[in-house]
Structures are given as C-alpha cells and as structure tokens.
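Peer 1: Have a look at the structure that comes next, please.
The values are calculated or read from the model by the stated rules, or taken from the named source; none is laboratory data. Everything numeric here is computed off the predicted structure, so don't read it as measured data. Please note: Cβ atoms are built from the backbone with ideal geometry, for glycine as well, and neighbour counts cover all protein chains shown. Heads up: the accessible areas ignore ligands, DNA and RNA and are worked out on the full protein's heavy atoms, side chains in. Shrake-Rupley method; radii C 1.70, N 1.55, O 1.52, S 1.80 Å.
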Amino acid sequence: MPPVIDRSMRLPDGEYFATPERKTGLALHHTVGGSARSTFRWWMEDRNASGGRIMVGTAYLIERDGTIFEVFDPAGWGWQFGLPWPQAKKIKFERRFVGIELASEGGLIESGGQLYCFDRVSPKTLKPRAEAFDAGRPYRGYRYFDKYEDAQVRSLLELINQLCDQFPIPRRVPNRFLDYYGEQLADFQGIIGHTMVRKDKSDPAPDQSLWDRIINQCRVTAVPVGAPPAAAGGNMTDQESEQLFNQNVEQINQMNVAAGSMVKGLIMELERGDRKTYIRLRNATPSGHKVEYDLVQGERTLVGRIARALGFKTVTDSVLEVRGG
C-alpha cells in the first residue's frame, strides 16, 4: 500500500520553486530540530539579511511518529544542499532531487557523562542515552546522534518506494554510504545522503542499518562511484587518513579474525614510510576471507606485490582474498 501523506502543512508560493522539474534523485536529511512542525515554521519565517525569502526546504518532512508531511509538490524544488559549486552546476543538481527530512535533533555532544543536543549544555538540551544512537567512533564531529524512531524509518522506506516509482528514480545508492563524494555526484541518479555532497554535514546519521534497510526493503543496489576525492591529488590529510582507517577497521571486524589480521597487516605495510599507499575496504565477506577494495592514493602495483609477499591467496585490482584455515 502507498504511504499516507499529510498535506496539512503547505509552503505558500514564493517559499519554493513551483515549476515542475524532471526528478532523477532522492536526498536524505535530518532537521536538527525539535519536530517536523517547528522546522516547517522555521522555513516559513526564515529570511535573508534584506528580508527576502530564502526558499530553503524539502518536499517532505517525516515526524517522529511516522507522519509524512508533504509541504510542497515534489515536482517542484527548494534549496536543500547549500553546495559551494559553480552556480549553473548547483542549480541543475538541486532541481532534480526530491528532498526528505527526518525530524531529529541530529548530532549530540557529550559532557560530564551526559548527552546534549543542539551543541549546548543545558537542562533543556539534555538527551537520554536510551534515545541516542552510538556510532562507535566520531563521525563529522559527533559520535552520538538522536536515534531515528522505527515508525520514521518505516515511513521513509514507504516514501522512497513511492517516489522511485512515481518519477521514476533509479533504485541505486553510492556504495560507500558514509563518504564524501562532492562533485563526483553531480550527475549521479539515485538516492544519496546530505553527507555525500557536504563535508561539514552529518545527516543522515551514520547508521549502517538504515542503509541496509533501504537496500533490502526498497530494492536498491549499492554501486561504486569512482574514487574518493582524496585520490584525486596530493597526500591525504591526517583527518582523512584517520577516517579511512576507522572505516577499514569496520570491514576488517566483519571478517574471519585471522584473515582480518592479515588484511590489517597489508594496510600497515602499504602506508609505511614513503610508500603512502592507501586502500579503502568494502563488502567484506562476513566471517570470511575475502574483501573488496578501492585504491585511494599511491601505487596500485604495490598492493599486489606486498599482498603476495604476505601470502594472500588472491589479489586483483579490486579483490583481496586470504587463504582459509
């Protein structure tokens, strides 16, 4: 059954661009606000320094109880990304994406063993830990996030299915869900998160299970989208290197323990000294001996040479396999 859509909150003409556009993408966000209604009021009242309308907003807001508010016709559009791209490229991108916001307080800060929202330590911003998602490591400045309600996620999945059929929008997503791609996604058609095009954003929350549910329940395919921006030039920054290491550890932890140790050893050898060769792991076989990878920076031939010297069973341009026990 199609989802129930509530159209009781509607942005008036002039608060969004009503001209119908061809849609080829869906973008997922969260509001960093108290409720869907408070975010809607903010969009209604927000003005620039000259008092003019800013026209920022997304077609859909999903409340914590799962209510889906359609605040304008999804064939239209509003500014939702805030991209530092050339104007023509930015407008082309914005026009073709339907935006969906999950009502959420977003990233949480920790102070004195307590969690707080909106980056403020106050009794009014105190967040119970039972309502928080622990990412396990810092992501875009936050380790803890307001947990999405299951009713919200169910509504999100229903809405994704409807919109992909309605426009139609390709059922595909970049396979490195938590990465920043920037302008590599300028022509991408499918489903993305705000974090994929803005380094300074942390929405949606870095919850692997959210993307897994989208893939499984919306029949979405995870596809590779080129190399990460760090591969395009120069050496990786310390922050990029740390983020890459943390992501690789997540993949290693899914593997057979001995096999994962061998892969970790390979990574350390590749990064050692002046080699400065970095790979990004993906699609690790659970409790298995195989993992896929992308070259992020450095010399590709080193991967094969060192892996074979360490005794790997198989090494290709995209697959590493350790001999079984």
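Peer 1: Hey, in the GNM for the chain with a 10 angstrom Cα cutoff, which one of 169, 54, 214 fluctuates hardest?
Peer 2: Among 169, 54, 214, the largest GNM mean-square fluctuation belongs to 54.
Peer 1: Give me the accessible area per residue for the chain, probe 1.4 Å, as a whole number in Å².
Peer 2: Accessible area per residue: 47 Å².
Peer 1: If you don't mind, there's one more thing I want to ask. Which of the lysines could a cross-linker bridge to residue 264, judged by Cα under 17 Å and excluding same-chain residues fewer than eight apart?
Peer 2: 276, 290, 313
Peer 1: Taking each pair of distinct Cα atoms in region 146-289 once, what is the resulting Kirkwood hydrodynamic radius in Å?
Peer 2: It is 16.9 Å.
Peer 1: Set the Förster distance to 35 Å, then compute FRET efficiency between residue 166 and residue 87 from the Cβ-Cβ distance, nearest 0.05.
Peer 2: 0.75
Peer 1: What FRET efficiency comes out for residue 249 versus residue 37 if R0 is 56 angstrom and r is the Cβ-Cβ distance? Round to the nearest 0.05. Write down the numbers at each step before the final one.
Peer 2: Values: r = 40 Å, r/R0 = 0.72.
With R0 = 56 Å, the Cβ-Cβ based efficiency is 0.90.
Peer 1: So, one more: Local charge sum around residue 46 (other residues, Cβ-Cβ under 13 Å, Lys/Arg +1, Asp/Glu -1)?
Peer 2: Charge balance near residue 46 sits at +1.
Peer 1: Could you tell me which helices of the chain pass both thresholds, a Cα extent of 18 Å or more along their own axis and a mean Kyte-Doolittle hydropathy of at least 0.5, with helices taken as whole DSSP H runs?
Peer 2: Flagged H segments are 257-271.
Peer 1: Please give the residues of region 32-47, grouped as numeric ranges, whose backbone N is less than 15 Å from a label point set 7 Å along the Cα-to-Cβ vector of residue 65.
Peer 2: In region 32-47, the label zone of residue 65 (backbone N under 15 Å from the point 7 Å along Cα→Cβ) covers 35-38.
Peer 1: Something else about it: Quick check: pseudo-label points 7 Å beyond the Cα along Cα→Cβ at residue 223 and residue 111, how many nm apart are they?
Peer 2: 4.5
Peer 1: Specify the residue with the greatest mean-square fluctuation among 58, 195, 221, computed from a Gaussian network of the chain linking alpha-carbon atoms under 10 Å apart.
Peer 2: 221
Peer 1: R0 = 35 Å: FRET efficiency of residue 21 with residue 212, Cβ-based, nearest 0.05?
Peer 2: Between residue 21 and residue 212 the formula returns 0.70.
Peer 1: I've got another one for you. Compute the distribution of all C-alpha to C-alpha distances in region 264-325, in bins of 5 Å from 0, and list the percent of pairs in each, rounded to whole numbers.
Peer 2: Going out from 0 Å in 5 Å bins, region 264-325 shows 4, 19, 33, 27, 12, 4, 1 percent.
Peer 1: For residue 305 and residue 200 in the same chain, what is the full-extension length gain: residue separation times 0.36 nm, less their Cα-Cα distance, in nm? All intermediate terms of the calculation are to be shown ahead of the outcome.
Peer 2: On the way: separation 105, 0.36 × 105 = 37.80 nm, distance 3.71 nm.
This chain segment gains 34.1 nm when fully extended.
Peer 1: When the chain is fully extended, how far beyond the present Cα-Cα distance does residue 134 get from residue 46, taking 0.36 nm per residue of separation? Walk me through the intermediate numbers first.
Peer 2: Values: separation 88, 0.36 × 88 = 31.68 nm, distance 3.20 nm.
Gain in length upon complete extension: 28.5 nm.
Peer 1: Here's another thing I want to ask about it. Could you give the length gained by full extension between residue 316 and residue 8, i.e. 0.36 nm per residue of separation minus their alpha carbon distance, to one decimal place? Write down the numbers at each step before the final one.
Peer 2: On the way: separation 308, 0.36 × 308 = 110.88 nm, distance 5.53 nm.
Computed gain between residue 316 and residue 8 is 105.4 nm.
Peer 1: Could you identify which residue out of 167, 97, 69 has the top mean-square fluctuation in a GNM of the chain using Cα springs shorter than 10 Å?
Peer 2: It is 167.
Peer 1: Quick check: at a probe of 1.4 Å, how many percent of the accessible area of the chain sits on carbon and sulfur atoms?
Peer 2: 49
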